[in-house]
Every structure is written in C-alpha cells, then in structure tokens.
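The values are calculated or read from the model by the stated rules, or taken from the named source; none is laboratory data. None of these values were measured; they are calculated from a predicted model. Counting neighbours? That spans all protein chains shown, and the Cβs are built from the backbone with ideal geometry, glycine included.
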Amino acid sequence: MSGKNTQVLMKQHPKGWVTEADFEIVARDIPKPGPGQVLVRNIWLSLDPYMRGRMDPVRSYAAHLKPGDMMGGGTVGTVIESNDAALPVGTYVNGMLGWQEYGVATAKELRVLDPKIAPVSTSLGVLGMPGCTAHYGLMALGQPKAGETVVVSAASGAVGSVVGQIAKIKGCRVVGIAGGQEKCDYVVNELGFDACIDYKGPDMHAAFKAATPDRVDVYFENVGGEIMEMVFGRLNGFARVSICGLIAQYNGQPFPFTGMRHVLVNRAKVQGFIISEHMEYWPGAIMEMAGWIKSGKLKYREDVADGLQNAPAAFIGLLKGKNFGKQLVRIGPDKA
C-alpha cells in the first residue's frame, strides 16, 4: 500500500511537566506486512498515565523511550492487508501499535474483537487494560467484603470508575476522590458511589473524614501525593491497599510521604502491581465485566480527542486531570 504513515515521536525527555515541544509529528512510508503479518489501519489510540513514566530515562518495569522513538500505546484498528488467513481483511484487532496511523503485527501480538459484543473502543477502556487493572487490583489484591469501605482516587477516570462500580456490585460502601464538582456528581449520581470528595474543594480532609465514618478497609491508589497521605491516615486494621498509579508525582513533583507509620500500626497490606504481568487474568475479568455492561450494572464514559495531531495535547490534559472518562484519540473513521 502506498502513502504516508503519520507518527508521533518523543522528541526529547520532558523536564517536569510534559509540553507539546517534547513531541514531534512525522510522516513516513506505510509499512509493508511480511510473511505471517498483517497491516492494520488504526482507528482508536489509548492515552494512559503510564506513558509518562516511559518518557523519563530512569529504571522502571519497562524500557524507557529514547529521543526519536515513537510513542507506544494501545490501539484498535482494522486489518487492511493480510498475510495470515486467520486475520482476514476487515478484522477488528486490538494491539500495542503505538501513536501512528498504520502498523504491522502478527496474530500473537493482536486480540481479535467482535463489534457485536461491545463497541470496539471499549477494548482500550472498560473491556481492556484499564478495566482489567481495576478488576485485578480490587478483587485479587483488595479482596473487598460486603459492608466494607472501599476508597478509590481518580474516581471518574477509566480505572477508578470501574473500581468503584465493581465494589458496589460486591456490596461495599464506596467513596471516590475526584477533581471538581462535575466529576464528583457523575461518580455519585451516575455511577452509584456512596460519596465523592472533591480534592479541589475547600476542606478535602474534613470532607473525607466525614465520608468515611468507619474508616477505610480497601484503598485503590491512582494518584499518590497528598491524597495518598490522607487516606493512609484513615486505614483500618488489616486494610488492603492496591498501588496502581501515582499520577500526581509523574512530573517530578516531590512529596514527603509519612504514611508508613499507618501501615505498621494497622498491619496493612500494601501491594503495587502491573497488569501486563497478569495476562492470564484478563479473559475471565473481561467476560465478567462484559456481562455487567450488558445488564446495566457497569457503565463507562469516553473522552475523545479527534486526530492524531491532537494526541500530545490530549495526553498533557490527561496528566493534569482534564479528561472526563477514558481518554481516547480517534485516528480514523470507525465503521463498526
């Protein structure tokens, strides 16, 4: 196939907050699929907080980007050229093809999607990595019991919103933490949380104490910083804490965390996790969540930026909490 393939590269390692100057948009030849490969035209790109960590030249659970590397990320697209009979032209697939219009991959690198089950974009959100992250971090690590208090930060986001809804399905009292009254109203009125604390409000600490009269049994951490410090101070004995993300600290802002005393005093269990290390967990979690979506027990929201050229600005907005729901970029038309 002739033509050009738009890609977004990391131009340089960010210094503090990410800016659009840290990215470069280039046009390269559309790649050709080799034996056993397919060419995919990407329709949707997922933007996720973990991408910020990959932009720093520091040791982490995955290799960091070098200047000139293409930004990585989850995608959904359609097969437009195929050298694999198992993936005919027109097949919808989910993979990690990155910030580009076209990509090549083999069958083992892709997940085939059925648009009749759910919109294909959900494979990047509630029925994909964020949803499985929420399910695993809450159910496998948090192990909530009916009647317990579950707290989740970034409660209106792609992961936090699913965490809270699953906790409600399991009979827990759920308290969310989000930025702004609109997000808090959505979390309570639409998603069914029992309460939501606006961290931008006048007295976050007093509001949180009032919302957790029985303190906290399970905490799902997405933010870090002052919010994590506050919640650790309300832990119950033998509380469970799942550390999923620390978005408040991804841009180099230091925070002197002193909450380990509460871990000791309350004999709390604190576990960090990376969902890509638990791929065997995904199929069961996705099946269960798909059933909840069909029955109306699990709702989701998507925040869509149009055009690959707008991915950097949307990503910066995500890091600053400007998105409302799962942040996606619509790269091309979706006929599903």
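Scanning the range 290-303 for residues being exposed (fewer than 15 other Cβ atoms within 10 Å of the Cβ) and in contact (Cβ under 8 Å) with a residue 12 or more places away in the chain gives a total of 1.
Hey, can you tell me all the residues within the range 258-289 that are farther than 24 Å from Tyr219 by Cα and either of a type in the set (A, V, I, L, M, F, W, C) or surrounded by 16 or more Cβ atoms within 10 Å (Cβ to Cβ) (or both)? Met287 - this is the single residue of the range 258-289 that is farther than 24 Å from Tyr219 by Cα and either of a type in the set (A, V, I, L, M, F, W, C) or surrounded by 16 or more Cβ atoms within 10 Å (Cβ to Cβ) (or both).
Would you confirm whether any residue within the range 123-133 is out of contact with any Cys (no Cβ under 8 Å at 6 or more places or on another chain), surrounded by fewer than 18 Cβ atoms within 10 Å (Cβ to Cβ) and over 30 Å from Asp203 (Cα atoms)?
Within the range 123-133, none of the residues are out of contact with any Cys (no Cβ under 8 Å at 6 or more places or on another chain), surrounded by fewer than 18 Cβ atoms within 10 Å (Cβ to Cβ) and over 30 Å from Asp203 (Cα atoms).
May I ask you to verify whether Arg28 is out of contact with any Phe, Trp or Tyr (no Cβ under 7 Å at 6 or more places or on another chain) and either of a type in the set (Asp, Glu) or at pLDDT 95 or above (or both)? It is true that Arg28 is out of contact with any Phe, Trp or Tyr (no Cβ under 7 Å at 6 or more places or on another chain) and either of a type in the set (Asp, Glu) or at pLDDT 95 or above (or both).
Reported count of residues in the range 185-198, each being crowded, with 22+ Cβ neighbours inside 10 Å and in contact (Cβ under 8 Å) with a residue 24 or more places away in the chain, is 5.
A quick yes/no check of all residues on (1) at pLDDT below 95; (2) outside the structural domain of Thr133 (by TED's automatic domain parsing); (3) within 20 Å of Leu319 (Cα to Cα):
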{"site": "Gly237", "(1), (2), (3)": "no, no, no"}
{"site": "Arg240", "(1), (2), (3)": "no, no, no"}
{"site": "Ile243", "(1), (2), (3)": "no, no, yes"}
{"site": "Ile247", "(1), (2), (3)": "yes, no, yes"}
{"site": "Pro254", "(1), (2), (3)": "yes, no, yes"}
{"site": "Thr258", "(1), (2), (3)": "yes, no, no"}
{"site": "Arg261", "(1), (2), (3)": "yes, no, no"}
{"site": "Val270", "(1), (2), (3)": "no, no, no"}
{"site": "Tyr281", "(1), (2), (3)": "no, yes, no"}
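Go through the range 94-121 and give me each residue that's under 24 Å from Val26 (Cβ atoms) and either assigned to a strand (DSSP E or B) or touching a helix residue (DSSP H, G or I) at 6+ places or on another chain (Cβ under 7 Å) (or both). Of everything in the range 94-121, those that are under 24 Å from Val26 (Cβ atoms) and either assigned to a strand (DSSP E or B) or touching a helix residue (DSSP H, G or I) at 6+ places or on another chain (Cβ under 7 Å) (or both) turn out to be Gly95, Trp99, Gln100, Glu101, Tyr102, Gly103, Val104, Ala105. Can you confirm whether the range 294-315 contains a residue that is touching a strand residue (DSSP E or B) at 6+ places or on another chain (Cβ under 8 Å), closer than 21 Å to Ala154 by Cα and of a type in the set (Ser, Thr, Tyr)? Yes; the residues of the range 294-315 include at least one that is touching a strand residue (DSSP E or B) at 6+ places or on another chain (Cβ under 8 Å), closer than 21 Å to Ala154 by Cα and of a type in the set (Ser, Thr, Tyr).
For (1) in the same structural domain as Thr19 (by TED's automatic domain parsing); (2) in contact (Cβ under 8 Å) with a residue 60 or more places away in the chain; (3) of a type in the set (S, T, N, Q), each residue gets a yes or a no:
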site: Glu288; (1), (2), (3): no, yes, no
site: Asp306; (1), (2), (3): yes, no, no
site: Asn310; (1), (2), (3): yes, no, yes
site: Phe315; (1), (2), (3): yes, yes, no
site: Leu318; (1), (2), (3): yes, yes, no
site: Lys322; (1), (2), (3): yes, no, no
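In a residue-by-residue description of the range 47-70, the property of being in a strand (DSSP E or B) and not small (Gly, Ala, Ser) applies to at least one position.
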